[in-house]
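Here the structure is laid out as structure tokens; the discussion comes afterwards.
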Amino acid sequence: MSQKTLTDDTSTGAVEAPASSSSKRWWILAVIALAQLMVVLDATIVNIALPSAQADLGFSDGNRQWIVTAYALSFASLLLLGGRIADLFGRKTAFLVGVVGFAAVSALGGAATGFGMLVTARALQGAFGALLAPAALSLLNTTFTDARERARAFSVYGAIAGAGGAVGLLLGGVLTDAFDWRWTLYVNVLIAVVAFVGGWLLLANHRDDTSARLDVPGTVLVAAGLFSLVYGFSNAETHDWGSALTWGFLIAGGVLLAAFAWWQTKAAHPLLPLRILLDRNRAASFLAVLISAGGMFGVFLFLTYYLQLNLGFSPTKTGVAFLPMVGALMVAAQLGTTVLLPRIGPKVAVPLGFAVAAAGMAWLTGIGVGSSYVSAVLPQLIVTGFGLGLVMPAAMQLATGGVATEDAGVASATVNAMQQVGGSIGTALLNTLAASAATDYLAGKDATSKLVQAQATIESYTTAFWWSAGMFAAGAVIAFLLFRRGVPEQDANAAPVVHM
């Protein structure tokens, strides 16, 4: 790196490249946002296409869940490794390799001739996503150093992270109805071409301390720990909670992650420096992302079932039904990160968002067999989306703000890991609780009656919504207790970084 490419601002101590003041950073945001959208929507885009894929490839109901779970397993378990690779070998390089790899394995999945080929492609998607997602977020963190512009950039990024699941449902429905289930995977190739060209032209590579080394023992411990944790919760969907395949993996995951935390205090080049977690606001932000992702599945998963099976919506119409929630989330993301957070701080803004989301989910429990979307679903979706829009972008901004440049990738990876693990845990918990509620309702009733069966499904949905509301309410309490009072320092004066 040549010194003449840098300008020194002695008043702040920051070292900035001229590109930091260039308008091209907004084009960089567009490229990063597009890549992030591709990664996030793939967590849900295949869901609506699953019935068609199952009929085409002939795999069983028991195997069906692994098309979704394989993605989450590899994504969550490899995220910290992906973030460290981005820090050590260059964020542009990691971003471009992630984009190309994601596109290639998406094409492989689209061309699948059987279950094994499709589930392998989904696992590889998760692996390349684990490289791409932290590289994208750390690029955003080091590109936007001005406090006001940084807030705007994170509002866009956070809105995409929160709304990407709903966009995936819409796009999956449209592509399945208009073309074929395979296009829910092929579409990534089109998105990746644009993201790759933009990244190649706009991004500059930056490699942090070349003397640093990859923490191999830490990588093995955290990857195995996160895999065991997500796999254990995923098994709870197909086995009961007393199964050895559930508790065995959950216990193993806890032990491995505890060993990982211990090793990080001893390692010369730790994979996840504990200084990242010891900041109170950052730790609170990680928990806020975990809880919001877990509760959000109560909206996407069970409401999708309700709209299609009970109200008779088509896949495309189901996706469209989520758009008001996306709109409310995006409006709240702008309001939260650019107005509320800089003025009242996270101790008020984030709990407020959780409380609004909890109210929306509690309101949604009023659905019935013959309810109307306009009166029983639409207002509740808007309220819930608005609440989540106040939480997720703000939490993501605080989770990555103020970290040292060499830690940007791993901090970003931790945010994504929290989102993936939270979603996996939420799915397992809510599915199990919903199934138990339906079983309890049918006890002593005529299970052959269609009306009774329909009411049992409503009971399962409303139970999931109540538990989601409870998660958000708990999130409000936890956020209020953990976040520090006042406006975070980096919001008022961005932490010094080197922008390359």
message = I'd like to verify a number: residues in segment 58-82 that are of a type in the set (Gly, Ala, Ser) and at pLDDT below 75, how many?
response = 2
key: Wholly within segment 304-368, helices (runs of 4 or more DSSP H) carrying at least 1 residues that are touching an Asp or Glu at 6+ places or on another chain (Cβ under 7 Å)   = 315-321, 341-344
ask   = For Ser285, all conditions in the list (1) hydroxyl-bearing (Ser, Thr, Tyr); (2) at pLDDT below 85; (3) surrounded by 21 or more Cβ atoms within 10 Å (Cβ to Cβ) hold save one; what is the number of the exception?
value = (2)
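If a residue must be small (Gly, Ala, Ser), in contact with a Phe, Trp or Tyr (Cβ under 9 Å, 6 or more places away or on another chain) and modelled with pLDDT of 80 or more, how many such residues does segment 83-99 contain? Walk me through it before giving the result.
Just the residues of segment 83-99 that are small (Gly, Ala, Ser), to begin with: 83, 86, 90, 94, 98.
If we keep only those that are in contact with a Phe, Trp or Tyr (Cβ under 9 Å, 6 or more places away or on another chain) too, we end up with 86, 98.
Then keep just the ones that are modelled with pLDDT of 80 or more; that gives 98.
Total satisfying the criteria: 1.
Residue-by-condition table, conditions (1) free of Cβ contacts under 8 Å to residues at least 40 places away in the same chain; (2) part of a helix (DSSP H, G or I); (3) open to solvent by less than 10 Å² (accessible area, probe 1.4 Å); (4) charged (D, E, K, R):
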| residue | (1), (2), (3), (4) |
| --- | --- |
| Leu390 | no, yes, yes, no |
| Ala399 | no, yes, yes, no |
| Val410 | no, yes, yes, no |
| Ala413 | no, yes, yes, no |
| Gln420 | no, yes, no, no |
| Leu430 | no, yes, yes, no |
| Lys445 | yes, no, no, yes |
| Leu451 | no, yes, no, no |
message = Restricting to segment 288-310, count the residues that are touching a Phe, Trp or Tyr at 6+ places or on another chain (Cβ under 6 Å) and among the aliphatic types (A, V, I, L, M).
response = 1
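If you go through segment 92-120 one residue at a time, how many are more than 26 Å from Leu29 (Cα to Cα) and buried (at least 23 other Cβ atoms within 10 Å of the Cβ)? Steps first, please.
From segment 92-120, those more than 26 Å from Leu29 (Cα to Cα) are 108-120; that's our starting set.
Then keep just the ones that are buried (at least 23 other Cβ atoms within 10 Å of the Cβ); that gives 109, 118.
Final tally of qualifying residues: 2.
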task = Please indicate, with yes or no, whether at least one residue in segment 213-223 is open to solvent by 20 Å² or more (accessible area, probe 1.4 Å) and at pLDDT below 80.
result = yes
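Right, Leu250: surrounded by 15 or more Cβ atoms within 10 Å (Cβ to Cβ), aliphatic (A, V, I, L, M) and either outside any helix (DSSP H, G or I) or touching a residue at least 24 places away in the same chain (Cβ under 8 Å) (or both) or not?
No; evaluated as a whole, the condition is false for this residue.
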task = Sort out which residues of segment 301-344 are touching a residue at least 24 places away in the same chain (Cβ under 8 Å) and out of contact with any helix residue (DSSP H, G or I) (no Cβ under 8 Å at 6 or more places or on another chain), and write them in order of number.
result = Arg343, Ile344
Enumeration of residues in segment 370-384 that are open to solvent by 50 Å² or more (accessible area, probe 1.4 Å) and over 24 Å from the mean Cα position of the chain (by Cα) = Gly370, Ser372, Val374, Ser375
task = Kindly establish whether Ala55 is open to solvent by less than 20 Å² (accessible area, probe 1.4 Å), at pLDDT 75 or above, in a helix (DSSP H, G or I) and not aromatic (Phe, Trp, Tyr).
result = no
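The values are calculated or read from the model by the stated rules, or taken from the named source; none is laboratory data. Because the structure is a prediction, the values reported are computed rather than measured. Note that each Cβ is placed from the backbone with ideal geometry, even for glycine, and that neighbours are counted across all protein chains shown. When the accessible area is computed, the model is the full protein with side chains, heavy atoms only, and any ligands, DNA or RNA have been set aside. Shrake-Rupley method; radii C 1.70, N 1.55, O 1.52, S 1.80 Å.
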